[in-house]
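This report refers to the structure that appears directly beneath it.
Read-outs: derived from the displayed coordinates by stated rules, not from any lab. All figures in this text were calculated on a predicted structure; none of them were measured in a lab. Using ideal geometry, Cβ is built from the backbone for each residue, glycine included, and neighbour counts are taken over all protein chains shown.
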Amino acid sequence: MRTLKVHFPDDALPTLDTFLKQTKEARVFRRAQAVRNVVKGQRLQTVSDTLSFTYSALRKWVHRFASQGTQGLVDRPRSGRPPKMTCELEQHLNRLVDQDPLQHGSVSSQWSCQELATVLAHQTGVQLGRESVRCVLKKR
């Protein structure tokens, strides 16, 4: 194995300790934990074996931390379809939930996720599935 030729700033350990206390995402926490062990002087191979990282992945995270700091440990945005549920649509759905379903032609006095999705599609033109509606209501 080649020796790792990366220079860390003097405050790397306190920075990682603070970052570990503040982060809420498990993947990012594990990365920071592994990088912290390398900064403390453990070998890459030892840390990758102990924490079940591939050697190349850990090496990548160590280099990113050395060049970008803790921001290098955070997931980068990925490409893909943008979410249909915008803030405005979510607010519209929340206002709709507070209304009486009978006013919108429902036969029941309680909303179902499917009925909410149907009425929302009729009012806004955005087609959502009942599961998307359920996820918004769960956050509420």
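When only Cα pairs under 8 Å and 6 or more residues apart are kept, what is the percent relative contact order across the stretch 12-73?
Answer for the stretch 12-73 is 32 percent.
Please tell me which of these pairs span more than 30 angstrom C-alpha to C-alpha: Lys21/Lys60; Lys24/Lys60; Lys21/Lys139; Lys60/Lys138; Lys40/Lys139?
Correct reply: Lys60/Lys138; Lys40/Lys139.
Among Leu44, Pro82, Trp111, whose Cα projects farthest towards the positive end of the dipole of the chain, with charges put on the beta-carbon of Lys, Arg (+1) and Asp, Glu (-1)?
It is Leu44.
For the stretch 55-61, what does the Karplus curve 6.51 cos²θ - 1.76 cosθ + 1.60, with θ = phi - 60°, yield as ³J(HN,Hα) per residue in whole Hz, taken in order and with x for Gly and Pro?
4, 5, 5, 5, 4, 4, 5
Report relative contact order for the chain in percent, whole number only (criteria: Cα-Cα under 8 Å, sequence separation at least 6).
15 percent
Round to a whole angstrom and tell me the spacing of the C-alpha centers of the stretch 23-54 and the stretch 79-93.
35 Å
Fewest Cβ neighbours within 10 Å first, please rank Asp98, Asp49 accordingly.
Details: Asp98 7, Asp49 12.
So the ranking, lowest neighbour count to highest, is Asp98, Asp49.
Within 10 Å of each residue's Cβ, count the other Cβ atoms and sort Leu116, Leu128 from fewest upward.
Ascending Cβ contact count within 10 Å gives the list Leu128, Leu116.
For the stretch 48-102, which trypsin sites (Lys or Arg not before Pro) pass both filters: DSSP loop (anything but H, G, I, E, B) and at most 11 other C-beta atoms within 10 Å?
Taking the stretch 48-102 and a limit of 11 other Cβ atoms within 10 Å, the loop trypsin sites (Lys or Arg not before Pro) found are Arg78, Lys84.
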